[in-house]
1. Determine the gain in length on full extension of the stretch R103-V17; use 0.36 nm per residue of separation and subtract their C-alpha separation, reporting nm with one decimal.
2. Sort 59-72, 24-37 by the packing proxy (mean of other Cβ within 10 Å over each peptide's residues), most packed first.
3. Using a simple spin-label model with points 7 Å from Cα along the Cα→Cβ vector, what separation in nm is obtained for T80 and Y41?
4. Could you sort L104, L9, L98 by their accessible area in this structure, using a 1.4 Å probe and putting the largest first?
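The values are calculated or read from the model by the stated rules, or taken from the named source; none is laboratory data. Just so we're clear, the structure is a prediction, and the values are computed from it rather than from any experiment. Glycine gets a Cβ as well: all are built from the backbone with ideal geometry, and neighbour counts include every protein chain shown. The protein model used for the area step is the full one, side chains on, heavy atoms only, and it has no ligands, DNA or RNA in it. Shrake-Rupley method; radii C 1.70, N 1.55, O 1.52, S 1.80 Å.
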Amino acid sequence: MHAGRRDHLLTVEEAIVTRDAMGGEARTWATFVQAWGAVWYRTGREQRDRQVDEDAGTVEITMLHVDGVSSAMRVVDEATEEVFAITAAVPIGRRLDLRLVCRLADPVA
């Protein structure tokens with residue numbers, strides 16, 4: 001991938017669950033890695049052509065490969081402050097790049 005297309009500063013975050021004094025769980029997000037990546041918003045036509053059963057909020061992100069990224073994490077686009085829940089993390093080539101299939105997520109969740 002051409003480096004010029006990686007024009008979004010992205011933060012991959014992992015959920016940290018802690019217990020409070022009452023025994024309840026509280027989820028916070030901690031930075032796992034920050035990297036430059038490319039973000040592509042899928043259109044309804046692309047999904048129809050691929051026969052994909054996903055909503056129009058699907059996004060594909062390509063970044064340099066990082067071990068440990070999983071579907072339990074989320075991505076924050078630092079410029080737009082959009083939050084994406086990772087649905088799949090797919091290595092590309094010989095683990096040079098990583099493609100993340102994501103959906104728009106609630107920033108509070």
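1. 28.8 nm
2. Packing order, densest peptide first, comes out as 59-72, 24-37.
3. 0.5
4. L104, L9, L98
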